[in-house]
Amino acid sequence: MLTDKKIVLGVTGGIASYKACVLTSKLTQKGAHVRVIMTESATKFVTPLTFQALSRNPVYFDTFDEKDPQKIAHIDLADWADMIIIAPATANVISKLAIGIADDMLTTTLLATKAPVYIAPAMNVHMYEHPAIVKQMKQLENWGYHFIEPGAGHLACGWVGKGRLEEPETIIEVIEDHLTEKQILKGKKVLVSAGPTREIIDPVRFLSNRSSGKMGFALAKAAADFGANVTLITGPVHEHIHHPNIKRVDIISAEDMYNVIHKHYPTQDIVIKAAAVADYRPKIVHEEKMKKQSGELTLEMVRTQDILQSLGEKKKDQFLVGFAAETTNVIENGLKKLKAKNLNAIVVNDVSEQGAGFAGDTNKVTYINRDEHLENIPLATKQNVAKHILRRIKRDLEDEIT
Ligand code: PMT
């Protein structure tokens, strides 16, 4: 899988840079061409000669050490790479990349490349959890950078916690997965709905729910990473996404969502409805702010249209996936929705469970297909849950076609 792949390995200044030596050796043994870029601080931990011997290639650490007058070294490396891995990635390089600083050989190459970039952080647990670093990692993730989460355990600094560079074998597995899976949805059009809807009461008030959009955004990103052309239709959320394969459409109410989804529906191959759409809206939308009155207030509500139901009714070749947020009889209720709405699959989450459902960064779901085959996807980040769901969809889509 790695034979003849061109990999740039960025090594930054952390004690875990010794593991980057093992990574270089293993990548080379698997047939990859590895070129190592070291930051100045990395050279304090391991000498460039070590990486040169292991990779059988010159090692780069000085932007101005231009050996070939025909080329600009960092642009040449940026264009040459099929993939860039930064391992270990320090808090410093993560922050520099997130704000566009290019002041050495590694960061200039990173800004110039179009290749996928995998970042394997390694640092003290408190640094890893610092809000500045959390924010920068989130920003990079939104831009399409991939993270290989550090492991937890005893750290070189003496603390116990998350921050240990992932093992070279695992880093290689992740890369191999990327190379084989990269294109599994190439050529497919995927529509994802995300977030809550807002049902307006008057110019200052609305009814909504706790959906943050994270699950839907993770699905959109994973589908785009797998090569699909994605339309992401989202209610009001704080999430950001920048991906060449994603077109984002912002809506407010269930009615808006109904109209936009139906406009796009006929041309889609896969539709995933992760949005938490309001089931009711106020019967009257007041044009002026409602005045406080003594005593109780009763709002008369009417049903919104069930978008998923209407998509199920109009379905032609689309692979239609619903979500179900349940608190009791989770599987039974999910199965009922799967059948009643003519879906190809449903993803059920028990939103009363710790770490599952609304707002957090993790989820735990059960994927049920038309044959009522159940697959439990254990507690994981929403990104990983999303990838898992899309792999299942891809498999079921192929089974239904053949
Ligand atoms: O956004 P996050 O904070 O990350 O949270 C993720 C999530 C909990 C919102 C997500 O995982 C989830 O479960 N989404 C569906 C929530 C929901 O509305 O479930 P439901 O059981 O009420 O609806 C079932 C399905 O019908 C859903 O696919 C929903 O999009 C759809 N529906 C519902 C009502 C309606 N009027 N039209 C619809 O299309």
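Some points to look at:
- Vicinal HN-Hα couplings computed from phi for the stretch 380-390 (Karplus, 6.51 cos²θ - 1.76 cosθ + 1.60; Hz; Gly/Pro x): 7, 4, 4, 4, 6, 4, 4, 4, 4, 4, 5
- Less than 5 angstrom separates the built amide H of A274 from those of S193, all sequence-distant by 5 or more or on a different chain.
- Placing dummy labels 7 Å off each Cα toward the beta-carbon, the span from H242 to I284 is 4.7 nm.
- Estimated FRET transfer efficiency (I72, K44; beta-carbon r; R0 30 Å; 0.05): 0.65
- Part-to-part distance (alpha-carbon centres) for the stretch 248-282 and the stretch 174-236, which is given in Å: 11
- The HN-Hα couplings worked out from phi for the stretch 160-167 by the Karplus form 6.51 cos²θ - 1.76 cosθ + 1.60 (θ = phi - 60°) are 10, x, 7, x, 7, 3, 4, 5 Hz, whole numbers, x standing for Gly and Pro.
- For Y280, Y367, Y265, order by how many other beta-carbon atoms lie within 10 Å, fewest first: Y280, Y265, Y367
- For the chain, the dipole from Cβ point charges (+1 on Lys and Arg, -1 on Asp and Glu) about the Cα centre works out to 480 debye, to the nearest 20.
- Beta bridges by DSSP in the chain, antiparallel share as percent, to the nearest 5: 35
- Restricting the calculation to alpha carbons of the chain gives Rg and Dmax of 24.2, 83 angstrom.
- Of K19/K44; K6/K188; K162/K186, pairs whose Cα-Cα distance is over 25 Å: K6/K188; K162/K186
- Where a label projected 7 Å from the Cα of W159 along Cα→Cβ would reach, residues of the stretch 86-129 with amide N under 17 Å: 89-95, 121-129
- Sorted by Cβ neighbour density within 10 Å, fewest at the top, the residues K30, K135: K135, K30
- The stretch 174-238, relative contact order in percent, only Cα pairs under 8 angstrom and at least six apart counted: 46
- Each Lys and Arg contributes +1 and each Asp and Glu -1, all at the Cβ; summed about the Cα centre of the stretch 313-396, the dipole is approximately 440 debye.
- Annotation note: trypsin sites (Lys or Arg not before Pro) in the stretch 55-108 located in DSSP loop regions with a Cβ neighbour count of at most 14 within 10 Å are R56, K67, K71.
- Computed per residue of the chain from DSSP H runs no shorter than four, each worth -39500 (n - 2.57), the mean residue ellipticity at 222 nm is -10500 deg cm²/dmol.
- Sequence of L374, L140, L207 once ranked by neighbouring C-beta atoms within 10 Å, starting from the fewest: L374, L207, L140
- Principal axis extents of the Cα atoms in the stretch 189-401, from largest to smallest and rounded to whole angstrom, are 60, 37, 32.
- Rounded to the nearest 20, the Cβ-based charge dipole of the stretch 225-266 about its Cα centre (Lys and Arg +1, Asp and Glu -1) stands at 160 debye.
The numbers here are math on the coordinates, done by the rules we state, and not lab data. The structure displayed is predicted, hence computed values, not measured ones. Note: ideal-geometry Cβ built from the backbone for every residue, glycine included; neighbour counts use all protein chains shown.
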